[in-house]
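One structure is given here, and the rest of the page talks about it.
The values are calculated or read from the model by the stated rules, or taken from the named source; none is laboratory data. Note that this is a predicted model, so its numbers are computed, not measured. Heads up, the Cβs are rebuilt from the backbone with ideal geometry, glycines too, and the neighbour counts pull from every protein chain shown.
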Amino acid sequence: MSIVASWLADRSLGRLLGRPREEVTTEHAVVVLHDVTKRYPNGKVALREVDLVIPEGDFVFLVGPSGAGKSTLIRLLIRDELPTSGHVVLDGRDLARLPRRQVPKMRRRIGVVFQDFKLLQSKTVHENVAFALEVTGTPRRQIGPAVERVLALVGLTAQAEHLPSQLSGGEQQRAAIARALVHDPRLIIADEPTGNLDPLISWEILQLLLRINDLGVTVLMATHNAEVVTALRRRVVALEEGRVVRDELGGAYHRAD
């Protein structure tokens, strides 16, 4: 048994995630971090001995103050950074051992949604979403139907030919979510996706992410929005000074006293 598989067995995941132990296996873990430490060249330690398992279909809030290590954890998952020690495993592949030529293909398994949308301002909504497939060499005959499918899912069919400047903030975030979804990722990472939105629109975006999760896509959402986290009562992973200090099913934003 590998070190990661052994650690998974010892974590009693069924109890942690509220489902029978036999339903949660190593094969169903989309993300595994085992004993991960990240130290930058300037000496700063961003993550310290982090253990984390995210099974397929989970919805996880990643919380913690600024500087707690959330952004570093996300960069490790998309292989923008490598751990100083420990293992970061995505879909059964140790990312540190992944040949550089295979990194682009691996990243297609992850859809990333940012706070500031990162849409191409000169392209329409349809073109922004299609571009995510074009750069991966997807055959043209497949691109149109795939884009139409995800635009319908996020409720932007009528805005397909609009430029980002013609959209509201909520519509821009929906377009960004459609772009993240169009290559059928195993995991959606949403990095403060409601940070620039008003409360009502924030709830609409959260409901969309929950609907996507209901379709079987695993979601990891980093957020400072305490109201949303506390109201939804999903799994909460809290970081402080680079360590996981809480991993709680049905948790609130703040630890209960």
Query raised in the report: Could you give every pair whose Cβ atoms fall below 7 Å, whose first residue belongs to region 82-97 and is within 11 Å of T37 (Cβ to Cβ), and whose second residue is of a type in the set (S, T, N, Q) and modelled with pLDDT of 95 or more, counting only separations of at least 6 or pairs across chains?
Result: P83/T37; T84/T37; S85/T37; G86/T37
Report task. State which residue pairs qualify: first residue farther than 14 Å from K70 by Cα and inside region 219-233, second residue exposed (fewer than 14 other Cβ atoms within 10 Å of the Cβ) in any location, beta carbons under 7 Å apart, and separation of 6 or more residues or different chains. Result -> A226/H254; R233/G250
Query raised in the report: Does L16 meet the test of being modelled with pLDDT under 95, surrounded by 15 or more Cβ atoms within 10 Å (Cβ to Cβ) and in contact with a helix residue (DSSP H, G or I) (Cβ under 7 Å, 6 or more places away or on another chain)?
Result: no
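For region 142-257, please list each of the helices (runs of 4 or more DSSP H) lying entirely inside it that holds at least 3 residues being modelled with pLDDT under 95.
199-214, 226-232
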Query raised in the report: Which pairs have Cβ atoms under 7 Å, sit 6 or more apart or on different chains, and link a residue in region 163-183 that is under 17 Å from L153 (Cβ atoms) to one that is surrounded by fewer than 24 Cβ atoms within 10 Å (Cβ to Cβ) and acidic (D, E)?
Result: G170/E204
Query raised in the report: Of the numbered conditions (1) at pLDDT below 95; (2) surrounded by 17 or more Cβ atoms within 10 Å (Cβ to Cβ), G92 satisfies every one except a single condition; which is it?
Result: (2)
Query - Whichever residue in region 121-141 is part of a loop (DSSP other than H, G, I, E, B), of a type outside the set (S, T, Y) and surrounded by fewer than 13 Cβ atoms within 10 Å (Cβ to Cβ) and, among such residues, is farthest from the chain's Cα centre (by Cα) - result: P139
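Of the residues I212, I177, which is touching a strand residue (DSSP E or B) at 6+ places or on another chain (Cβ under 6 Å), buried (at least 21 other Cβ atoms within 10 Å of the Cβ) and closer than 21 Å to P145 by Cβ?
I177
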